[in-house]
Amino acid sequence: MVWPRSRILPLALGLLLVVAGCNKSGRTPEIKQTGIFTQSGDDLVEMRKLGTLGTSYGPRLYPELPEYDIPVVADVGPIYVNIPNFPVSSLKGIEWHGYRLGGNGSVGSPSTATPQDWKSITVVSEPTATAGLFKIVVASADAKTGRWKPEINHEYFGLTTDGGFKGSPIWAVRIK
């Protein structure tokens with residue numbers, strides 16, 4: 001069977017775009033600025049640095065950082081840490097609902113929030129081919145895409161060091 005050229009060209013271009021798209025999705029993004037970032041679709045989103053757990057009200061999202069200023073993502077993709085001399089191996093994942101992340105605990109003590117308000121999420125870190133850039137993935141994320149969705153009753157996801165209750169900051173996004 002001989003196909004007319006008018007059909008071959010669009011098929012060839014379509015195949016080329018699919019191959020190029022697949023190649024792009026598996027690559028580590030180029031990140032030049034310092035910070036912690038996650039992938040949301042094809043976009044790179046900076047995770048904002050919030051307050052700490054273990055203070056009188058946990059991370060004070062408002063008024064220090066108004067809620068509307070926290071980036072919103074559909075799910076959590078691979079996370080990239082580009083902070084010089086950062087203790088990446090000590091990072092812990094957390095998800096929580098509303099403002100009750102810290103409860104009423106004192107500095108240096110664990111959160112008093114209940115499991116319905118807050119829970120720890122296991123994350124895995126690995127270096128990338130770029131010096132100083134580390135990739136963090138939620139351990140239970142989809143193996144092919146690295147994407148993960150928190151429980152429906154939680155609305156924020158973040159990373160912190162030492163479980164977050166030793167005066168450590170939290171880098172977070174809001175989940176749709």
Pairs returned, first residue in the range 126-137 that is free of Cβ contacts under 8 Å to residues at least 60 places away in the same chain and at positive phi, second residue that is in a loop (DSSP other than H, G, I, E, B) and open to solvent by 90 Å² or more (accessible area, probe 1.4 Å), beta-carbon separation under 7 angstrom, 6 or more apart or interchain, are Gly132/Pro84
Practice prompt. Determine whether the range 121-133 contains at least one residue that is open to solvent by less than 20 Å² (accessible area, probe 1.4 Å) and either part of a loop (DSSP other than H, G, I, E, B) or modelled with pLDDT under 75 (or both).
Written response: yes
Note on the range 46-61: residues open to solvent by 30 Å² or more (accessible area, probe 1.4 Å) and either at pLDDT 80 or above or touching an Asp or Glu at 6+ places or on another chain (Cβ under 8 Å) (or both) are Glu46, Arg48, Lys49
Filtering the range 134-156 for residues that are at pLDDT 90 or above, over 13 Å from Pro78 (Cβ atoms) and surrounded by 17 or more Cβ atoms within 10 Å (Cβ to Cβ) leaves a count of 0
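The values are calculated or read from the model by the stated rules, or taken from the named source; none is laboratory data. Just so it is clear, the structure is predicted and the values come from calculations on it, not from any experiment. A quick note on method: Cβ atoms are made from the backbone with ideal geometry, for glycine too, and the neighbour counts reach across all protein chains shown. Surface accessibility is based on the protein's heavy atoms, side chains included, excluding ligands, DNA and RNA. Shrake-Rupley method; radii C 1.70, N 1.55, O 1.52, S 1.80 Å.
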